[in-house]
Amino acid sequence: MGFSVRNHILSLLPVGPGVVRLQIRRWCIGHTLRIVAPAAAVALSVGITPSTMAKPRNLHGHKVVRVTVANKAELAALREIEAASRDIEIWSEDFRGRTVDVRVSPKQKRALDRSGFTYQVLIEDLQAKYDELYSAPAGAGFFDAYRTYDEHVAFMNDLVATYPDLATMVNLGESWEGRILWAIRITGPGDDKPGVMYHGGQHGNEIMGPCVVAYLARQLLANYDSDPATAALVDNMEWFLLPIMNPDGYEAGSRYNGDGVDLNRNWGGPGTNPGAFSEPETAAMRDFFLSHPNVRAHADLHSYGYAIIWPWGHTDDLCDDHLTFKTIGDELADEIFEVRGTSYDRRGPVYRTYYPVIGGSVDYSYGELGVWAFVFELGNTFSMPPYQILPTSEEIGQALTFLSDWIIDCNNNGILDMDEIVQGTSTDCNYNGTPDVCESDLDSNNTIDACDPDIDGDGVLNELDTCLYRPVGLPAIVEGFPFGDLDRNCTVDLFDYRNIHHFHCFLESGPGVWSPLTFCRREVDADGDEDIDLADFAAFQRAFDPETGE
């Protein structure tokens, strides 16, 4: 199974500070991104023998425990214990829940006991857990187990060897212990494209993120020749995919780098201190961003919490673009949910959603460079079982593809599609998020059919038809295209009803001025009987009936 992608989505388009309008957006991906062959059948793991590869080691007897902290003073005391030894690491903190996840050696567990903390054991023997997670039978596919740093590098090299016209390896710099931060660059012919940087493994103990990044790279390349929509994404974007930002920590099973530093507290940006970028890994990332000003989206994959978060981390204040971040974040969560119903319900600024993070990656890329930056907290544990690798990769891969599509430049004029529409340099008469000049096949099914009408009757489907065309709820009536048909399949069906929740009304011109889509003031329970049923669906259809004026 690959990504399951809708032809159309709904979102809110920023039209000015604090103002948005309803947007019906067509993805550039109009088809499913398919795995063209089973993972084991794709020759992308040549020379990898799992039993000979390095993996986290020397952690026998280490435990992961969830410590209860009653107040900030107890959290500070726990941090003092951590500062005194490399054998104890705070892996996560959710102070609102009064708990902290900690890795402890047998010796430091005794120190924890003496300090009077209460805790629950999550992982009894961390080494045994890693041995289990990194174990794969002979002939297993790459995504059937967690992989080491060397295996990830070999996988990327095999991708480049298989698709040399689309992929190259990029050396971003060296880690504290001298390992290379290898990324894969994926793009088609041409220059001057918007770019994205998606990376995992900034915290070395969070091992799902690297799998997701590797999976996305494989999908983009494996589907390029067979799926025109994937080809368009690759041709119109410059993808930089870095599976492991902290290779030393990844190899050691440690949150920190080889210097014992939490890299996600070592970036520059608003609210940081003079020690920012002291580590070679964060300095390498800073240099990458500065040398690639075309990068417009940044995703930093972590574990865990089923969360999508954005700036700010250093302050409780909302960032200037919070409304747009929220709109995108909500849509990212919807894309994840569509794959198999996984809910990423925890969303918001880093500070308000989790806890203060001074020197985090997204505060730098957004605060200093104006990049749309998100953190994904994957799953519900640091050690998700291997059978969750592919499902998680498919879910997050779909969300990352949406984020990339959101910043695309369909007509290669140097202005991103969303910027072009907002600035008024191109019309978007059918409100689907794509400049009209880029459109002809309105329902993105690669066929000019009843859903793509020649409205002006000149025998040619052209830009004028696009401008005359109106989707749901707007004045023009198109033969064979019912009002309320959100996914434009020529039928108002349960998909349309279920997606009514995407709609929100916002003031555009001032108090009392509403979107033309007046039906969005209705509740989903349209008939008010406190039950979502077929009567509500009928009311939903009537809301689009031009005869009633509702």
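Explain nothing, just compute: Karplus ³J(HN,Hα) = 6.51 cos²θ - 1.76 cosθ + 1.60, θ = phi - 60°, for every residue of segment 68-75 in order, whole Hz, x for Gly and Pro.
8, 10, 7, 7, 5, 5, 5, 4
What are the ³J(HN,Hα) values, in whole Hz, obtained from phi via the Karplus relation 6.51 cos²θ - 1.76 cosθ + 1.60 with θ = phi - 60°, for each residue of segment 292-307 in sequence order, with x given for Gly and Pro?
10, x, 6, 5, 10, 9, 9, 10, 10, 8, 10, 9, 9, x, 6, 10
Spelling out what I want: for every residue of segment 164-181, take phi, set θ = phi - 60°, compute 6.51 cos²θ - 1.76 cosθ + 1.60 (Karplus), and round to whole Hz; glycine and proline get x.
Computed from phi, the couplings for segment 164-181 are x, 7, 10, 10, 9, 7, 10, 8, 8, x, 10, 7, 4, 8, x, 7, 8, 7 Hz.
Taking amide H atoms as placed 1.01 Å from N in the peptide plane, list the residues 5 or more away in sequence, or in a different chain, whose amide H sits under 5 Å from that of ARG346.
The list, which skips near neighbours in sequence, is ILE308.
Taking the Cα centre as origin and putting +1 on Lys and Arg beta-carbons and -1 on Asp and Glu beta-carbons, what dipole magnitude results for segment 63-124, to the nearest 20 debye?
Working: 12 positive and 10 negative charges, 24 e Å.
Its charge dipole is roughly 120 debye.
Given axes a ≥ b ≥ c from the Cα gyration tensor, I'd like to know whether segment 97-179 is rounded (a/c under 1.5), prolate (a/b larger than b/c) or oblate. Don't jump to the answer; show the numbers that get you there.
Values: a/c = 3.33, a/b = 2.15, b/c = 1.55.
Note, shape of segment 97-179 comes out prolate.
When you count, for each residue, the other Cβ atoms within 10 Å and take the mean per peptide, how do 150-159, 275-284 rank with the highest first? List each step's numbers first, then the result.
Numbers: 150-159: 21.1, 275-284: 19.5.
Output ranking for 150-159, 275-284: 150-159, 275-284.
Tell me which residues come under 5 Å, amide H to amide H, from VAL295 once H is placed; ignore anything under 5 positions away on its chain.
Here the answer is GLY195, since their amide H atoms fall under 5 Å of that of VAL295.
Which cross-chain or sequence-distant (5 or more) residues have an amide H under 5 Å from the amide H of THR381, H modelled 1.01 Å from N in plane?
The list, which skips near neighbours in sequence, is GLY305.
Among the lysines, which have Cα under 25 Å from the Cα of LYS63 when same-chain residues fewer than 8 positions away are ignored?
Here the lysines satisfying the reach criterion relative to LYS63 are LYS55, LYS72, LYS107, LYS109, LYS129.
Where does each of 259-267, 210-218 land if you order them by average Cβ count within 10 Å, highest first? It would help to have the intermediate numbers written out before the result.
On the way: 259-267: 21.3, 210-218: 27.0.
Ranked by mean Cβ neighbours within 10 Å, highest first: 210-218, 259-267.
So, by mean Cβ neighbours within 10 angstrom, what's the order for 105-117, 364-376 with the highest one leading? Before the final figure, lay out each step's value.
Details: 105-117: 14.7, 364-376: 22.0.
Result, highest mean first: 364-376, 105-117.
Provide the percentage of antiparallel DSSP beta bridges, counting only those with both residues in segment 142-406; round to the nearest 5. Can you show the working numbers first?
Values: 12 of 32 bridges.
Of those bridges, close to 40 percent are antiparallel.
Please report the spacing between the Cα centers of segment 274-302 and segment 323-389 in Å, no decimals.
18
Each reported figure results from applying straightforward, stated rules to the coordinates on display, with no laboratory input. Remember, it's a predicted structure, so these values are computed and weren't measured experimentally. All Cβ positions, glycine included, derive from the backbone under ideal geometry; neighbour counts span all protein chains shown.
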